[in-house]
Amino acid sequence: MISVAEALEQLFALARPLAVETVPLLQAHGRMLAQDVAATRDQPPFDGSAMDGYAVTHAAPGLRLRVIGEAAAGHGFDQTVKNGEAVRIFTGAPVPKGTKAVVIQEDVTRDGEWITLGDSLDDNTYIRPAGGDFRSGDTVNAGRVIGANDIALMAAMNIAEVPVTRRPIVALISTGDELVMPGDTPGPDQIIASNTFGLHALLRDLGAEPRMLPIARDNEPSLRTAFDLAQGADLIITIGGASVGDHDVVANLAPQLGFDQSFYKVAMRPGKPLMAGRFRNAMMIGLPGNPVSAMVCGHVFVAPVVRAMLGLGAAPAPRKTGVLAQGLPANGPREHYMRARLNAGGLTAFGSQDSSLLSILGQADALIVRAPNDGPRAAGDSVEYLPLR
């Protein structure tokens, strides 16, 4: 067995960077920005009014001026304003030539075509300078997941298409004669396939393109068909069949079909029978079949691999530090990821950590990480954990 850290190191070595593709701006949200993008114009492109009021050449208390026109957003005033003149202006309008300030309408008294400035004017010109937000050539830097604010900024920069990292295509293959799909009627010895559904959701949240393939039965023709259907995937994830029993077809058959194994078994719980390597042109991870084991390995191993493929760096799943609300007994020789609930009092591990209990995982919002051979822990001790929500 190898450690979790060693397994991650080998997984990152197997992960290959993906190509860049260009997508319309409206499709770029949540994607990985693969290259810097640059503004094609200044914002604002002109000196603009920050308030409704009057554009003037200069302002002084009691000054009387003649209004010679109007400027609104999208409709500028194209004449030069002289001393003794003013232009009615609205927020967002270009400031007319010759004017140096906007006097807000609250500080102005109007009588027909004449205005009189108030007695208490402030020093604010209420003019937004051209390029005050960004200049042509300013960039949004690559290496970030594009959020809603980035979309707004790139739209203002007049960027219509965005270079993003291609989504990794991930083929999901559940294995086992005992499995049926949700909605089907299981036989007396069968259960419902759940792992691929949870992993599918996790992969979508990560920005991948998961493809759920038909269940591979415990025989060679069925597994061959599943692997044939996985052609074109960047990552193949099998669930179940990774142990070495007579019915564990993935471990027994995959090497005959072209699987080049990198490692098998990790010193962790849940999730010990994990394997990885390359299968033909794809990376492959074989997850254990126990439902909680598969999902925990999804958070610990699959998520960092997908982020690495997207160009977000080769790093373990981010951990946080919290305090225990209740003590814990000494840990065994494997790194343990304990389902726990986090509240104001701290972290409380669930009493049962059986790897078949999805109901406990559904209630958990954290995985307490116990190092191998970690001694007993008391309430109030600091521990690391992986957030699940």
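The values are calculated or read from the model by the stated rules, or taken from the named source; none is laboratory data. None of the values given here were measured: they were computed from a predicted structure. Quick reminder, even Gly has a Cβ in these numbers, built from the backbone with ideal geometry, and neighbours come from all protein chains shown. The accessibility values were calculated without ligands, DNA or RNA, using every heavy atom of the protein model including side chains. Shrake-Rupley method; radii C 1.70, N 1.55, O 1.52, S 1.80 Å.
Largest accessible area first, the listed residues Ile368, Ile151 line up as Ile151, Ile368 when surface is computed with a 1.4 Å probe on the assembled protein chains.
How big is the Cα convex hull of the stretch 157-236 in projection, averaged over all directions, in nm²?
For the Cα atoms of the stretch 157-236, the hull's average projected area reads 7.1 nm².
With a Cα cut-off of under 28 Å and a minimum spacing of 8 residues unless on different chains, the lysine pairs in the chain number 4. Between helix 4-14 and the chain there is an angle of about 70 degrees, using the helix long axis and the longest principal axis of the Cα atoms.
Which angle from 0 to 90°, rounded to the nearest 10, does the C-alpha axis of helix 195-206 make with the longest principal axis of the chain? That helix lies at roughly 30 degrees to the long axis.
Charges only on Cβ, +1 for Lys and Arg, -1 for Asp and Glu: so what's the dipole of the stretch 1-149 about the Cα centre, in debye to the nearest 20?
The calculation lands at about 340 debye.
Against the longest principal axis of the chain, how steep is helix 220-229, in degrees 0 to 90 to the nearest 10, with axes from Cα atoms? For helix 220-229, the angle is close to 10 degrees. Near Gly112, within a Cβ-to-Cβ distance under 13 Å, what is the net charge of the other residues, with Lys and Arg +1 and Asp and Glu -1? Residues close to Gly112 contribute a combined charge of +2. Taking every protein chain into account, the accessible area of the stretch 271-352 amounts to 36 square angstrom per residue (probe 1.4 Å). Is the stretch 56-189 rounded, prolate or oblate when judged by the Cα gyration tensor, a ≥ b ≥ c being the square roots of its eigenvalues, rounded requiring a/c under 1.5 and prolate requiring a/b larger than b/c? Since a/c reaches 1.5 and a/b is larger than b/c, the shape of the stretch 56-189 is classed as prolate. Here the gap between Asp177 and Gln10, fully extended at 0.36 nm per residue and compared with their Cα-Cα distance, gives a gain of 57.0 nm.
Kindly sort Phe197, Phe350, Phe134, Phe90 by accessible area of their heavy atoms, largest first, with the probe set to 1.4 Å.
Values: Phe197 85, Phe350 30, Phe134 10, Phe90 60 Å².
Output order, biggest surface exposure first: Phe197, Phe90, Phe350, Phe134.
Positive-end ranking of Ala233, Leu199, Leu213 along the dipole of the stretch 199-268, with charges on Cβ about the Cα centre, is headed by Leu199.
Where [x] 26; [y] 35; [z] 52 are the candidate values, the label of the one calculated here for percent of Cα pairs over 33 Å apart is [z].
Separation of the stretch 63-110 and the stretch 323-379, taken as the distance between their Cα centroids, equals 68 angstrom.
Could the peptides 256-266, 296-306, 136-146 be put in order, highest first, of the mean number of other beta-carbon atoms found within 10 Å of their residues? Each step should come with its number before you reach the end.
Numbers: 256-266: 16.5, 296-306: 23.3, 136-146: 14.5.
Per-residue mean Cβ counts within 10 Å order the peptides as 296-306, 256-266, 136-146.
In this Cβ point-charge picture (+1 for Lys and Arg, -1 for Asp and Glu), the stretch 178-263 has a dipole of about 200 debye about its Cα centre.
In debye, nearest 20: dipole of the chain around its Cα centre with unit charges on the Cβ of K, R (+) and D, E (-)? Before the final figure, lay out each step's value.
On the way: 33 positive and 40 negative charges, 111 e Å.
My answer is approximately 540 debye.
Given a 1.4 Å probe and every protein chain left where it sits, what share in percent of the accessible area of the chain is carbon and sulfur? Please list the in-between numbers first.
Numbers: 8950 of 18470 Å².
Summing carbon and sulfur atoms, their accessible area is 48 percent of the total for the chain.
Which one, Val103, Val140, Leu121, is farthest towards the positive end of the dipole of the stretch 100-182 when Lys and Arg carry +1 and Asp and Glu -1 on their Cβ? Of the listed residues, the answer is Val140.
For the peptides 52-60, 222-230, 269-277, the ranking by packing is 269-277, 52-60, 222-230, with the highest mean count of neighbouring Cβ atoms within 10 Å listed first.
So, for the stretch 1-74, what is the accessible surface per residue at a probe of 1.4 Å, expressed in square angstrom? If you can, show how the numbers build up before the last one.
Details: 3800 Å² over 74 residues.
Spelled out: the 1.4 Å probe surface of the stretch 1-74, per residue, equals 51 Å².
For the chain, the residue among Ala171, Pro291, Ala15 whose Cα projects farthest onto the positive side of the dipole built from Cβ charges is Ala15.
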